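The values are calculated or read from the model by the stated rules, or taken from the named source; none is laboratory data. Being a predicted model, the structure only gives us computed values, none of them experimental. For neighbour counting, all protein chains shown are included, and Cβ atoms are generated from backbone atoms with ideal geometry for every residue, glycine included. Just so you know, the surface numbers come from the protein's heavy atoms only, side chains and all, with ligands and any DNA or RNA stripped out. Shrake-Rupley method; radii C 1.70, N 1.55, O 1.52, S 1.80 Å.
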Amino acid sequence: MPRIRISDLILYSLLFTAVISFPFNMLPIPDWAKYLVRISLSLLLLISYVFLIKRYQIKIIGNENKKNLLFLLPLIIVLPCNLLTLPFAISIGINNTTITSGIFFLELILTILQAINEEIIFRLFIHSQLNIKNRLLKIIASSAIFAAMHLLNLINGFNPNVFIQVAYTFGLGLILGFIYEYGESIVTCFIYHTLFNVLNNVLFGLYIVPTITNVAYYTTISVIAGIAIIYTLCIYFFVFRKQERNYYYY
């Protein structure tokens, strides 16, 4: 991976921050128009990343380490974590309004663009440039940066749920960090992050409207997250750690 100038990293991180933290809810326009504005800005952000990728000749598709990706395959159980709480729901309804209004499809497009943008900035740019020799610490550091960035959601108003989001995005960051660091595949990160957001945010948040107790919900999520963390740590200490000597640092 070529070294990216710190000035470029700061510039493109600020662009990302500006797009993500913009108070779209305050715009005096219909909801569908807000989605179109967000989609347009996300597309412009993606285009700016493409220019940086071309400038530094960064490879998007390379020689993925398929063997290590197989070790991480069981982590697909984490993908539908919100949906796995549905058996504990008191009742489940369908939000037909979001489907008929077209907001569902706009949210779907926006989710895909945001997942790709986040993986480029946090894994392809920031993670790869961290000057940390221990790979586990490198993954933890990039995950912490990824999670902390979600505190920007407090700009739209204080909401204690943001801190819950920070906690589970740190866990998601660990999984994506392992996929990128040991699977050596940003494309797999694109796919995993997109599926995670679509299943847990779009389908669960806009399409399915469950009535579920907070205890059942957070207990289920915590168990799933715990299993994922224990599994990845076991794989690290018993499999990946042996590969430390083969890693080349900049």
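Between Ile76 and Ile208, 0.36 nm times their residue separation minus their Cα-Cα distance comes to what? Write down the numbers at each step before the final one.
Values: separation 132, 0.36 × 132 = 47.52 nm, distance 2.08 nm.
Result: 45.4 nm gained on full extension.
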>> With a 1.4 Å probe and all protein chains left in place, how much of the accessible area of the chain comes from carbon and sulfur atoms, in whole percent?
In response: 70 percent
>> Skipping prolines and chain starts, which residues have an amide H placed within reach, meaning under 5 Å, of the one on Val209, given they are 5 or more residues away or on another chain?
In response: Gly93, Ile94, Asn95
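Can you flag which of Lys34/Lys66; Lys54/Lys138; Lys34/Lys59 are past 30 Å Cα-Cα?
Values: Lys34/Lys66 40 Å; Lys54/Lys138 25 Å; Lys34/Lys59 33 Å.
The pairs that break the limit, which is 30 Å between Cα atoms, are Lys34/Lys66; Lys34/Lys59.
Full extension from Asn65 to Ile29: what is 0.36 nm times the residue separation minus their Cα-Cα distance, to one decimal in nm?
On the way: separation 36, 0.36 × 36 = 12.96 nm, distance 4.66 nm.
This chain segment gains 8.3 nm when fully extended.
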> Excluding Phe24 itself, what net charge comes from residues whose Cβ is under 14 Å from its Cβ, given Lys and Arg +1 and Asp and Glu -1?
Replying inline: 0
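Please label the shape of region 5-92 as rounded, prolate or oblate, based on the square roots a ≥ b ≥ c of the eigenvalues of the alpha-carbon gyration tensor (a/c under 1.5 means rounded; beyond that, a/b larger than b/c means prolate, else oblate). Before the final figure, lay out the partial values.
Working: a/c = 2.81, a/b = 1.07, b/c = 2.64.
Oblate, because a/c is 1.5 or more while a/b does not exceed b/c.
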>> What translational diffusion coefficient, to the nearest whole µm²/s, does region 114-219 have by Stokes-Einstein, given a Kirkwood radius computed over alpha-carbon pairs, a temperature of 25 °C and 0.890 mPa s viscosity?
In response: 166 µm²/s
>> Just to confirm, what accessible area per residue do you get for the chain at 1.4 Å probe, in whole Å²?
In response: 53 Å²
>> 5 Å is the cut-off here: which amide hydrogens, built 1.01 Å from N in the peptide plane, fall below it relative to Glu184, excluding neighbours closer than 5 in sequence?
In response: Asn65
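Per DSSP H run of n ≥ 4, the term is -39500 (n - 2.57); total these for the chain, divide by its residue number, and report the mean residue ellipticity at 222 nm rounded to 500 deg cm²/dmol. Could you put the intermediate results ahead of the total?
Values: 9 runs with 144 residues, N = 250.
Helix contribution divided over all residues of the chain: -19000 deg cm²/dmol.
Roughly how large, in nm² to one decimal, is the mean projection of the convex hull of the alpha-carbon atoms in the chain? Provide the component values of the computation, followed by the final result.
On the way: hull surface 55.6 nm².
Computed as one quarter of the Cα hull surface, the answer is 13.9 nm².
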> Across region 25-40, in residue order, what do the Karplus-derived ³J(HN,Hα) couplings come to in whole Hz, using 6.51 cos²θ - 1.76 cosθ + 1.60 with θ = phi - 60° and x for Gly and Pro?
Replying inline: 5, 8, 6, x, 9, x, 4, 5, 5, 4, 5, 5, 5, 5, 5, 4
> Semi-axes, largest first, in whole Å: what does sqrt of 5 times each Cα gyration tensor eigenvalue give for region 166-250?
Replying inline: 30, 17, 8
>> Give me log10 I(q)/I(0) at q = 0.13, 0.14, 0.22 Å⁻¹ for region 43-144, Debye formula, one equal scatterer per alpha-carbon, no solvent.
In response: -0.78, -0.88, -1.31
>> Taking θ = phi - 60°, what integer Hz values does the Karplus form 6.51 cos²θ - 1.76 cosθ + 1.60 yield along region 76-84, in sequence order, with x for Gly and Pro?
In response: 5, 5, 7, 3, x, 4, 5, 5, 6
